[in-house]
1. Can you give the direction-averaged projected area of the convex hull of the alpha-carbon atoms in the range 259-313, in nm²?
2. Sort 185, 216, 298, 67 so that the residue with the fewest other Cβ atoms within 10 Å of its own Cβ comes first and the one with the most comes last.
3. Test of understanding: in a Gaussian network model of the chain with alpha carbons linked when under 10 Å, which of 280, 146, 235 would top the mean-square fluctuation ranking?
4. Taking the chain as a Gaussian network, where each spring joins two C-alpha atoms under 10 Å apart, which residue of 227, 173, 303 fluctuates the most?
5. Please give the Cα centre distance for the range 177-207 versus the range 1-33, rounded to the nearest Å.
6. Determine the relative contact order of the chain: mean sequence separation of Cα pairs under 8 Å and six or more apart, normalised by residue count, in whole percent.
7. Could you put 129, 189, 310 in order, starting from the residue whose Cβ has the fewest other Cβ atoms within 10 Å?
8. For helix 285-303, report the angle its Cα long axis makes with the longest principal axis of the Cα atoms of the chain; keep it between 0 and 90° and round to the nearest 10°.
């Protein structure tokens with residue numbers, strides 16, 4: 001068996017690394033800089049990244065031996081797919097690994113928003129007893145509008161039904177029958193914006209989805225809507241969201257992702273009606289173990305010329 005050389009740029013669970021060692025030499029270069037990646041990538045047949053590393057056209061130009069790039073997770077917006085295709089490099093991901101983890105985070109964010117859990121905890125740690133200030137609202141009976149009704153969106157719907165929420169779903173790539181089979185009620189874009197009490201985003205960042213929620217779409221939403229984004233930064237126009245929060249159009253937002261990461265101490269991050277987390281959607285022990293194993297087995301299959309389950313290109 002050929003001894004392939006595999007570069008890990010953003011860390012991988014130990015179980016995944018052991019799988020990779022069955023087909024070749026593994027170099028764990030977690031945290032590698034963009035410049036060093038370009039300098040070193042010519043030695044490797046496979047590259048594994050998460051969301052941090054950008055696999056740019058310059059990386060592909062320098063990758064004279066590269067056969068496959070693996071994304072440990074679902075989103076591939078940090079990989080230049082046109083450049084990969086032009087260089088004949090396969091791109092694979094592990095789309096099933098983080099479904100439960102991200103869905104649970106989205107539900108946790110909704111609960112944190114409506115009950116102001118971060119502020120309540122912070123006040124207690126400051127020695128305050130502000131019981132009368134914390135009058136929240138229930139999830140029970142509310143309309144949840146899910147934009148993007150794939151694996152994660154439908155997993156959120158399944159959990160939201162346990163809170164007796166009404167599930168509305170919009171996904172231009174899914175049929176009415178598919179959305180209903182996944183547990184949602186298909187609605188138009190206009191209906192979701194006008195009627196949802198909560199909106200949760202679960203779709204990739206593409207040219208079509210960039211800035212999808214903007215000043216115009218916020219204006220069409222119900223007053224006092226809550227927004228959750230555990231998908232991708234850039235889908236929401238952040239300046240427009242700040243304005244909607246200031247006006248009261250949006251009652252609160254919980255964000256795990258940002259247009260620029262890390263975002264710094266922006267007006268959005270520091271806003272009192274916003275709960276922020278540092279892109280932790282996939283950060284559970286279980287999800288990392290699944291992602292590591294899934295992407296490792298897919299990389300091995302790609303190197304050996306076997307059938308692929310999750311080929312992006």
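Computed from the coordinates by the stated procedures, all read-outs in this text should not be read as laboratory data. Predicted model, so just to flag it, every value in this text is computed and none were measured. We place every Cβ from the backbone using ideal geometry, glycine too, and count neighbours over all the protein chains shown.
1. Values: hull surface 23.6 nm².
In nm², the orientation-averaged hull projection of the range 259-313 is 5.9.
2. In increasing order of surrounding Cβ atoms, one gets 216, 185, 67, 298.
3. Looking only at 280, 146, 235, the largest GNM fluctuation is found for 280.
4. 173
5. Measuring centre to centre over Cα atoms gives 38 Å.
6. Contact order relative to length: 20 percent.
7. Result, fewest neighbours first: 129, 189, 310.
8. 40
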